[in-house]
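The values are calculated or read from the model by the stated rules, or taken from the named source; none is laboratory data. Small disclaimer: the values here were computed from a predicted structure and weren't measured. As a convention, Cβ positions derive from the backbone with ideal geometry for all residues, glycine included, and neighbour counts pool all protein chains shown. Surface accessibility is based on the protein's heavy atoms, side chains included, excluding ligands, DNA and RNA. Shrake-Rupley method; radii C 1.70, N 1.55, O 1.52, S 1.80 Å.
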Amino acid sequence: AQRVTQPEKLLSVFKGAPVELKCNYSYSGSPELFWYVQYSRQRLQLLLRHISRESIKGFTADLNKGETSFHLKKPFAQEEDSAMYYCALRYNFNKFYFGSGTKLNVKP
Amino acid sequence: GAGVSQSPRYKVAKRGQDVALRCDPISGHVSLFWYQQALGQGPEFLTYFQNEAQLDKSGLPSDRFFAERPEGSVSTLKIQRTQQEDSAVYLCASSFPGLAEGFTKETQYFGPGTRLLVL
């Protein structure tokens, strides 16, 4: 069965420190993975997807099929990065399976 | 431009009451998704529409849940005889492409959600 695991419910780092939000997945097919972000009092929005190999707001994520991981990284965290982050797996074209989320708190 | 809107934003229902939650997707968006998000969890897929066709309802937790999109735009999620375990935030999302166009470049745009509390 497909599954997405985000092992950390809360991650606190200081401003300027590197940050890595972990995501592991379980899927027998070819995975398509996404990171979504929800800032305080805002709606859920797409941050990035692995297929685009993009860097958004300084964040990158690399799909590692050997380790079945899609960790989100940023070398220097900013206070405005504080938010809830969800890793998501698309399967069967229209279904998305979301992890339980990691709350990132960037301290000044 | 206007994003996805949902109404009501908050709903308190007594156990056993029927509720209807509305979603207005972005104009012209073909695909529409409903999700249920319990407290402390990520969104959980409920159902998917392509225009007016409900192509996937495998995530609906019971036959008390019913969704429709009769004209291919506005969608309604109805919950009959609500139970306490139905308390959650219900999210709607829309995206432009349908299955034919493929999903490679699609982006889901989420609404603000409806917070349902069943007492």
Using a Gaussian network model on chain A with a 10 Å cutoff between Cα atoms, which of A:Gly58, A:Gly66, A:Gly29 fluctuates the most?
A:Gly66
Spin-label point model (7 Å from Cα, Cβ direction): what's the A:Lys107 to A:Met84 distance in nm?
2.3 nm
Of A:Asn94, A:Asn64, A:Asn24, which has the largest mean-square fluctuation in a 10 Å C-alpha GNM of chain A?
A:Asn94
Result for the stretch B:1-100: accessible area per residue, probe 1.4 angstrom, in square angstrom, of 49 Å²
Protein heavy-atom accessible area occluded, A/B pair - total, 1.4 Å probe, Å²
1700 Å²
Return one quarter of the surface area of the convex hull spanned by the alpha-carbon atoms of chain A, equal to its mean projected area, in nm².
6.6 nm²
Quick one: go through the stretch A:62-98 and flag any residue whose amide nitrogen is under 14 Å from the point 7 Å out along the Cα-to-Cβ line of A:Ala17.
A:74-79, A:82
D (Stokes-Einstein, µm²/s), Kirkwood Cα radius, the protein assembly as shown, 0.692 mPa s at 37 °C
180 µm²/s
Taking only the Cα atoms of the stretch A:1-52, how large is their convex hull per residue, in Å³?
125 Å³
Protection proxy ranking, peptides B:78-86, B:47-55, B:9-17, average beta carbon neighbours within 10 Å, highest first:
B:47-55, B:78-86, B:9-17
For the stretch B:32-90, would you read off the P(r) tail past 13 Å as a percentage of all alpha carbon pairs?
59 percent
For chain A, what's the relative contact order in percent, using C-alpha pairs closer than 8 Å and at least 6 residues apart?
38 percent
Modelled label-to-label distance, A:Ser26 and A:Lys73, 7 Å Cα→beta-carbon offset: nm?
2.6 nm
Computed label-point distance, nm, for sites A:Leu10 and B:Ala38 using a 7 Å Cα→Cβ extension:
2.2 nm
Taking only the alpha-carbon positions of chain B as identical scatterers, the Debye log10 I(q)/I(0) at q = 0.17 Å⁻¹ comes out as -0.78
Per-pair calculated FRET efficiency, R0 = 25 Å: A:Ile51 and B:Ala53 via Cβ, rounded to 0.05:
0.45
Per residue of A:89-100, other chain Cβ atoms within 10 Å number on average 5
What is the sum of charges, Lys and Arg at +1 and Asp and Glu at -1, for the other residues whose Cβ falls under 11 Å from the Cβ of A:Glu8?
+2
Of every hundred units of 1.4 Å-probe accessible area on the protein assembly as shown, the number belonging to carbon and sulfur atoms, as a percent, is 49 percent
